[in-house]
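Structure record follows, encoded as structure tokens.
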Amino acid sequence: MTENGPGPNSQAGRAWVFGDNIDTDVLAPGRYMKGPVEAAAAHCLESVDPDFAGQVAPGDFVIGGGNFGLGSSREQAAQVLCILGVAAVIAKSFAGIFYRNAFNLGLLAVLCPETGRIDARDRLALDAEAGVLRNLSSGERYACEPVPAHLLALIADGGLIPQLERRFKSRAGKEGS
Amino acid sequence: MAQTLAEKIIARAAGRAAVTPGEIVTCRVDLAMVHDSSGPRRLAPMLERLGVGVWDPDRLVVITDHFVPAFDAASAAIQALTRDWVAAAGVRNFYDMQGVCHIVLPERGHLRPGLFVVGGDSHSCTGGAFGCFMFGVGATDMAGVLATGETWIRVPETIRLRWSGRLGRGVAAKDMMLALCARLGMDGGGYQVIQYDGAAVTELPMAERMTLCNMAVELGAQTGLIAPDATTADYLRDVGAELDGEAGDLARWQSDPDAAYRTTLDFDAGALAPQVAAPHSPANAAPVGEIGPVAVDRAYIGACTGAKLIDLRMAAEVLKGRKVARGTRLLVAPASARAAEQAAAEGTLEVLTEAGASILPTGCGACAGYGGALLAEDEVCIASTARNFKGRMGATSSRVYLASPYTVAAAAVTGRIGDPRELLDGAAP
């Protein structure tokens with residue numbers, strides 16, 4: 001990881017546990033799409049857990065079942081989780097577009113087949129590089145699928161736009177010398 | 001080495017002789033499409049930050065459809081920003097309020113076999129009906145494409161869904177997709193490619209093939225794909241698509257006979273009954289007879305999935321000489337200006353309005369739940385759209401059933417969900 005990465009060897013956070021098929025309309029409802037993303041964030045997941053947006057703390061984890069983030073390509077579905085300070089989304093599987101969007105925005109998305117063992121408000125610690133999720137509340141350890149190197153690089157860079165910015169700058173620098 | 005159609009298109013875009021599922025490759029993008037919601041208003045700040053413009057403005061198509069028509073000052077501002085940006089960026093392919101992007105793009109001749117296309121909307125997989133590899137991405141991904149002309153892809157495997165037989169009267173491509181959602185689940189596609197083929201698919205007109213590919217995302221696939229044939233070529237010729245060179249070489253854009261599939265599943269179109277998906281998932285689909293006579297407040301014919309000219313015709317077949325039931329509202333938002341124009345010219349639109357339908361502006365409309373025609377608390381809607389997620393079309397407690405235009409129109413007439421074949425076979429009451 002680079003020095004300014006968020007450090008997936010992160011400190012512990014609480015688990016917010018959701019089931020299968022959490023869709024993009026639930027994450028970022030369409031009627032808030034016209035406004036600033038910050039406004040949509042206040043309504044994130046409200047139709048399945050009205051307490052979530054108000055009570056989630058920076059560093060907490062969103063735990064999903066299968067097919068997390070299905071539906072629309074709207075990346076606000078991932079962005080609202082960034083705005084709320086979520087450290088990572090950990091699920092059994094992700095919808096493909098959401099998965100790409102998450103990394104593009106610098107949000108870690110980790111595949112873990114054992115999310116069903118996690119209870120609401122369990123304290124978790126994730127080491128994405130090692131592929132290990134520790135449940136500090138139950139003492140269990142869960143193996144996660146390793147995140148591909150080019151996606152870890154996106155997280156280290158803070159997302160696609162900062163990564164491209166760096167690439168363009170270094171290219172301009174070379175051309176200038 | 002034998003290759004699937006998807007692998008051939010990706011290999012071409014990656015500048016390779018062949019690609020293997022699982023490998024990550026960088027592809028040159030032939031065409032990019034964005035709409036007013038995921039488009040300029042989100043892309044402009046990112047491109048500004050990068051200090052670059054669009055890599056090739058002639059390879060970008062911009063279409064307004066989500067905030068159409070603008071319903072308040074904020075949505076009007078998004079439309080205005082879109083128009084200003086298009087002019088400043090030198091984008092010539094701009095379709096303003098001409099219909100839903102997935103319909104307008106092929107209608108105006110932008111798609112053709114063999115292209116590698118990205119769209120800033122999840123239903124971009126609709127383009128696969130034309131034998132191109134087209135998939136949906138978010139705005140930041142799209143900004144990367146516009147800045148560099150490239151994107152990365154993990155080469156998907158292909159899942160082959162082979163449909164034999166022939167759809168019965170009153171049964172449509174939408175029913176095939178709802179049945180597949182129930183059978184495979186919304187993650188059955190596993191972000192791989194779904195290739196539709198077989199006699200029943202070959203027989204479908206392009207508009208129905210578009211419905212198959214449109215809902216590939218509801219199966220969790222990266223995209224859907226149908227190999228081009230004479231039907232494809234006829235459509236492309238009609239809309240003036242460029243068919244010189246690679247795109248016209250239909251023999252090249254086919255899966256090789258011995259290509260490797262992740263799996264092949266067989267289905268019989270002749271045995272398929274009209275399907276209805278209960279709230280809140282397309283995967284909650286079952287034959288209409290198993291759903292029960294649920295009373296509906298609203299019947300909605302709309303969206304890229306269910307309001308093309310062919311869909312309006314299906315609804316008209318049921319509605320001809322009949323009236324919408326008392327206590328039920330029928331709303332129709334044609335999927336494109338051309339579809340509306342043709343429906344008006346041939347009398348289809350008149351059948352709908354005489355039955356009591358309210359015609360809404362062409363665009364994403366109520367399907368996207370952005371603002372117009374939202375559902376109230378506890379209201380029940382049956383829609384020809386693709387998604388019935390909780391709260392998508394309005395209040396959290398509203399309930400949306402999904403079905404074909406035939407079945408939606410039948411529910412409008414009787415006020416409750418039922419088998420449209422009963423109305424198609426009998427005489428009008």
If we scan the range A:24-39, do we find a residue that is assigned to a helix (DSSP H, G or I), out of contact with any Phe, Trp or Tyr (no Cβ under 6 Å at 6 or more places or on another chain), over 18 Å from B:Ala368 (Cβ atoms) and without any contact (Cβ under 8 Å) to a residue 24 or more places away in the chain? no
Could you list, in sequence order, all residues of the range B:375-429 that are part of a helix (DSSP H, G or I), of a type in the set (Asp, Glu) and touching a residue at least 40 places away in the same chain (Cβ under 8 Å)? B:Asp425
With the requirement that a residue be in a loop (DSSP other than H, G, I, E, B) and either farther than 16 Å from B:Leu115 by Cβ or basic (Lys, Arg) (or both), what does the range B:5-18 give you? B:Arg16, B:Ala17, B:Ala18
Report yes if some residue within the range B:322-332 is at pLDDT 95 or above and either among the small types (Gly, Ala, Ser) or in a helix (DSSP H, G or I) (or both); otherwise report no. yes
Filter the range B:30-79 down to the residues that are under 20 Å from the mean Cα position of the chain (by Cα) and of a type in the set (Ser, Thr, Tyr), then identify the one that is nearest to A:Gly35 (Cα to Cα). B:Ser37
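Every residue, every condition in (1) open to solvent by 50 Å² or more (accessible area, probe 1.4 Å); (2) farther than 23 Å from B:Cys364 by Cβ; (3) touching a strand residue (DSSP E or B) at 6+ places or on another chain (Cβ under 8 Å), yes or no:
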{"position": "B:Ala259", "(1), (2), (3)": "no, yes, yes"}
{"position": "B:Asp268", "(1), (2), (3)": "yes, yes, yes"}
{"position": "B:Pro282", "(1), (2), (3)": "no, no, yes"}
{"position": "B:Ile310", "(1), (2), (3)": "no, no, no"}
{"position": "B:Arg326", "(1), (2), (3)": "yes, yes, no"}
Look through the range B:101-114, keep the residues that are outside any loop (DSSP other than H, G, I, E, B), more than 14 Å from chain A (Cβ to nearest Cβ) and of a type outside the set (A, V, I, L, M, F, W, C), and return whichever of them is nearest to B:Gly51 (Cα to Cα). B:Pro106
Top-ranked residue in the range A:79-115 [being among the small types (Gly, Ala, Ser) and in contact with a Ser or Thr (Cβ under 9 Å, 6 or more places away or on another chain); ranked as farthest from B:Arg41 (Cα to Cα)]: A:Ala91
Of the residues B:Ala286, B:Ala227, only one is within 19 Å of B:Pro106 (Cβ to Cβ) and either hydrophobic (A, V, I, L, M, F, W, C) or surrounded by 16 or more Cβ atoms within 10 Å (Cβ to Cβ) (or both); which? B:Ala227
Under 21 Å from B:Thr140 (Cα atoms) and away from chain B (no Cβ under 11 Å) - does that describe any residue in the range A:7-19? no
Of all residues making up the range B:35-54, the number that are farther than 16 Å from B:Ala88 by Cβ and surrounded by fewer than 17 Cβ atoms within 10 Å (Cβ to Cβ): 1
Please determine whether any residue of the range B:84-100 is within 13 Å of chain A (Cβ to nearest Cβ) and in contact with an Asp or Glu (Cβ under 6 Å, 6 or more places away or on another chain). no
Looking at B:Gly170, B:Gly189, B:Gly144, which one is open to solvent by less than 10 Å² (accessible area, probe 1.4 Å) and farther than 23 Å from B:Ala285 by Cα? B:Gly144
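Each row is one residue, and each column tells you yes or no for (1) in contact with a Ser or Thr (Cβ under 9 Å, 6 or more places away or on another chain); (2) open to solvent by 10 Å² or more (accessible area, probe 1.4 Å); (3) among the aliphatic types (A, V, I, L, M); (4) within 14 Å of chain A (Cβ to nearest Cβ).
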site: B:Asp56; (1), (2), (3), (4): no, yes, no, no
site: B:Arg59; (1), (2), (3), (4): no, yes, no, no
site: B:His66; (1), (2), (3), (4): yes, yes, no, yes
site: B:Phe71; (1), (2), (3), (4): no, yes, no, yes
site: B:Ala76; (1), (2), (3), (4): no, yes, yes, yes
site: B:Gln79; (1), (2), (3), (4): yes, no, no, yes
Kindly establish whether B:Ala17 is among the small types (Gly, Ala, Ser) and farther than 29 Å from A:Ala149 by Cα. no
Determine, yes or no, whether B:Arg160 is within 11 Å of chain A (Cβ to nearest Cβ) and open to solvent by 30 Å² or more (accessible area, probe 1.4 Å). no
Check on B:Ala345, aliphatic (A, V, I, L, M), within 14 Å of chain A (Cβ to nearest Cβ) and in a helix (DSSP H, G or I): no
So, in the range A:153-177, how many residues would count as being away from every other protein chain (no Cβ under 13 Å) and surrounded by 12 or more Cβ atoms within 10 Å (Cβ to Cβ)? 2
Which one of B:Ala6, B:Ala32, B:Ala13 is in contact with a Cys (Cβ under 9 Å, 6 or more places away or on another chain), of a type outside the set (Asp, Glu) and crowded, with 22+ Cβ neighbours inside 10 Å? B:Ala13
Those residues of the range B:236-264 that are in a helix (DSSP H, G or I), within 13 Å of B:Cys132 (Cβ to Cβ) and under 23 Å from the mean Cα position of the chain (by Cα) come to a total of 2
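The values are calculated or read from the model by the stated rules, or taken from the named source; none is laboratory data. Everything numeric here is computed off the predicted structure, so don't read it as measured data. Note that we place each Cβ from the backbone using ideal geometry, even for glycine, and neighbour counts take in every protein chain shown. Ligands, DNA and RNA are stripped out before the accessible areas are found, and what is left, the full protein with its side chains, is counted by its heavy atoms. Shrake-Rupley method; radii C 1.70, N 1.55, O 1.52, S 1.80 Å.
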